[in-house]
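Encoded as structure tokens, the structure appears first; notes follow it.
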Amino acid sequence: MSISRRNFLEAGAISASGLFLNGLLPGASAFGTAGSTSLPAQVCRPEARIVLNMNQNWQFYRPSDSGGKVLQPPENAAWEPATLPHTVRLEPRDVSGGRNYQGICWYRRTFSAAEEWRDKVVYLKFHGAMQVADVWLNGEHLVTHYGGYLPFTIDISKAVRAGQGNTLIARLDNSDNPEVPPGKPQSELDFCYFGGLYRSVDLEVLNPLHITDPILADRVGGGGIFVTYPMVSEEQSIIQVQTEIANESHAGGRYTIEQTLIGSDGRVEASVSETASPGPGAVCAITQKMKVERARLWHPEDPQLYWLHTTLKEDGRVVDDQYTRIGIRSIRFDPDRELLINGRPFFSIGANRHQDHPYVGYALPPSAHYRDVFKLREAGFTSYRSHYPQDPSFMDACDELGMLAIVSNPGWQFVGDDVFKKRVYQDARDMIRRDRNHPSVVIWEAALNETDNSSVAAELYRIVHQEFPCPECYTAGDPIHKPVEGFQGWDIDYVGHSRTKAMKPSWVREWGDQVDNWTDQQGRVRVARGWGEGPMLVQATAHMTSLDRIWQSEIKPAGADL
């Protein structure tokens with residue numbers, strides 16, 4: 001079965017499971033049993049926290065097609081209705097080299113806050129706003145956030161007006177900015193960062209005693225829920241769950257935190273409970289372990305998933321809870337045997353993926369992100385990398401369909417000043433805090449792509465291992481061929497098509513691509529379907545020749561991404 005790009009984009013924000021149920025996609029049996037391990041959405045809805053999607057009913061204003069530095073929208077601004085994900089402007093089918101819209105744009109939305117929210121904790125979560133975002137609520141400026149590829153969370157508890165209407169305004173600017181990663185001007189960059197609120201916005205209402213948000217908490221190796229696997233085997237596995245809770249009330253007491261592992265059939269596979277006593281204003285992290293007998297292990301060819309239900313109770317009453325989808329698996333990179341998943345060697349052939357599509361730029365619905373993963377797996381690929389963190393729905397699809405993920409720090413052939421470096425470091429922390437519980441993630445590409453990382457490598461290496469302090473943490477980047485104080489190299493080196501001696505595990509970062517120049521981009525491996533069968537056969541032959549070089553290497557790398 002095939003489905004056109006137009007039909008898929010028109011599916012909008014239909015969930016992946018909805019696409020299967022409605023017959024828009026074939027079953028995923030070709031990739032193992034993907035899709036069979038998800039419980040119905042209503043079963044996994046939190047009981048105690050309110051989660052509201054804010055994608056509807058926005059208004060949008062763009063000053064002009066040429067961009068501009070309008071600090072405030074004029075009173076007669078021509079606001080137009082908008083639904084997220086949203087792009088600043090519909091672009092031509094082929095746009096690059098900074099020819100897309102760059103400049104300021106505005107978003108506005110009103111919403112009602114229930115009276116019951118008066119003594120609650122209220123979070124506003126932006127999952128992607130390109131790329132410098134200023135946010136106001138009821139006229140009060142709340143934050144300026146730098147960077148468009150990672151989420152940010154705002155505590156609006158004091159600014160929101162309970163029992164009244166509220167006005168939310170966001171000003172976005174995707175102009176060239178050397179202090180914001182990737183930093184390089186778009187006219188010199190080999191990919192575009194389109195403008196707009198191109199990912200979802202959510203609003204969460206929590207009780208004063210609650211599980212923290214990992215991005216807002218901004219604590220090293222902490223915040224929210226962090227799941228690791230100290231032992232994994234077909235007979236018995238151990239799941240370790242670190243949960244950070246905050247008590248923003250004026251009262252202390254004894255509270256219970258429970259972890260429940262739920263299988264695809266809805267049965268409880270394991271559980272554990274523990275008490276804690278955070279005083280008023282306190283934050284504490286609780287670490288719990290569960291034994292799972294004969295767990296169904298996650299693997300690219302059999303991506304088995306579970307739901308972890310974390311519940312926080314006070315006097316037997318649920319005051320907060322969250323569902324986290326996890327996959328029990330072990331990964332290890334070995335210089336001799338390369339990548340081992342659940343103790344068995346696995347060689348991955350993958351592809352590089354950019355998240356933009358014709359016309360709509362970055363503003364893709366979840367269905368389109370799912371479609372890309374599905375098509376990659378359908379083509380036989382088992383891993384992906386990019387130059388920046390992907391959409392959450394793309395990461396979910398990697399978990400479901402068995403696509404290994406390399407999560408990359410935003411960057412390309414550029415290192416800026418100290419302000420730029422500080423934001424690179426924060427990006428490294430935030431990408432781990434967001435994606436650390438995905439079973440598909442095997443490598444953290446802390447390095448800036450194709451860049452002299454000598455001035456940032458030591459700190460980036462330290463940050464990754466701080467944020468993911470367990471043996472199954474692997475950084476990757478191009479080798480640095482000069483001494484760097486405090487840095488002995490990445491855990492995994494990106495290498496070319498061949499090598500003769502394995503000093504450490506390696507991965508082929510890019511293979512099979514070539515261009516004759518950066519203007520026409522008409523190399524033999526960049527062929528349009530309209531050119532006909534002959535050029536497409538030349539393209540296929542070129543790819544197979546590159547792949548043969550990898551296979552014929554004396555020692556093969558752990559994986560290779562096209």
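Values as computed for the structure displayed
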read-out: Residue match in region 428-442 (condition: part of a strand (DSSP E or B), closer than 30 Å to Q322 by Cβ and hydroxyl-bearing (S, T, Y)); value: no
read-out: Filter result (more than 13 Å from A295 (Cβ to Cβ) and surrounded by 15 or more Cβ atoms within 10 Å (Cβ to Cβ)) within region 254-283; value: Y255, T256, I257, E258, Q259, T260, V272, A276, P278, V283
read-out: Hits in region 389-422 - residues which are surrounded by 24 or more Cβ atoms within 10 Å (Cβ to Cβ) and among the aliphatic types (A, V, I, L, M); value: A397, L401, M403, L404, A405, I406, V407
read-out: Subset of region 417-427 (residues that are assigned to a helix (DSSP H, G or I) and more than 24 Å from C470 (Cβ to Cβ)); value: D418, V419, F420, K421, K422, R423
read-out: Residue within region 427-436 that is touching a strand residue (DSSP E or B) at 6+ places or on another chain (Cβ under 7 Å), among the acidic types (D, E), under 30 Å from N177 (Cβ atoms) and surrounded by fewer than 21 Cβ atoms within 10 Å (Cβ to Cβ) present; value: yes
read-out: Answer residue from region 132-173, given it is on the phi > 0 side of the Ramachandran plot and free of Cβ contacts under 8 Å to residues at least 60 places away in the same chain and is surrounded by the most Cβ atoms within 10 Å (Cβ to Cβ) among those; value: N138
read-out: Of all residues making up region 106-130, the number that are part of a strand (DSSP E or B), in contact with an Asp or Glu (Cβ under 8 Å, 6 or more places away or on another chain), surrounded by 20 or more Cβ atoms within 10 Å (Cβ to Cβ) and of a type outside the set (A, V, I, L, M); value: 1
read-out: Some residue of region 35-44 being in contact with a strand residue (DSSP E or B) (Cβ under 9 Å, 6 or more places away or on another chain) and modelled with pLDDT of 95 or more; value: no
read-out: Among residues of region 315-340, those that are in contact (Cβ under 8 Å) with a residue 60 or more places away in the chain, within 18 Å of A405 (Cβ to Cβ), hydrophobic (A, V, I, L, M, F, W, C) and in a strand (DSSP E or B), counted; value: 4
read-out: Qualifying residue in region 164-176 (condition: of a type in the set (V, I, T), modelled with pLDDT of 95 or more and within 19 Å of the chain's Cα centre (by Cα)); value: no
read-out: Matching entry among M544, M536 (being at pLDDT below 90 and not β-branched (V, I, T)); value: M544
read-out: Residues of region 194-211 that turn out to be surrounded by 24 or more Cβ atoms within 10 Å (Cβ to Cβ) and assigned to a loop (DSSP other than H, G, I, E, B), as a count; value: 5
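Per-residue answers, yes or no, for (1) free of Cβ contacts under 8 Å to residues at least 40 places away in the same chain; (2) part of a loop (DSSP other than H, G, I, E, B); (3) in the same structural domain as Y193 (by TED's automatic domain parsing); (4) under 26 Å from N100 (Cβ atoms):
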position: A368; (1), (2), (3), (4): no, no, no, yes
position: R371; (1), (2), (3), (4): no, no, no, yes
position: Q390; (1), (2), (3), (4): yes, yes, no, yes
position: V415; (1), (2), (3), (4): no, yes, no, yes
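The values are calculated or read from the model by the stated rules, or taken from the named source; none is laboratory data. In this text the structure is predicted, and so the values were computed from the model without any measurement. Every residue, glycine among them, receives a Cβ derived from its backbone with ideal geometry; neighbour counts consider all protein chains shown.
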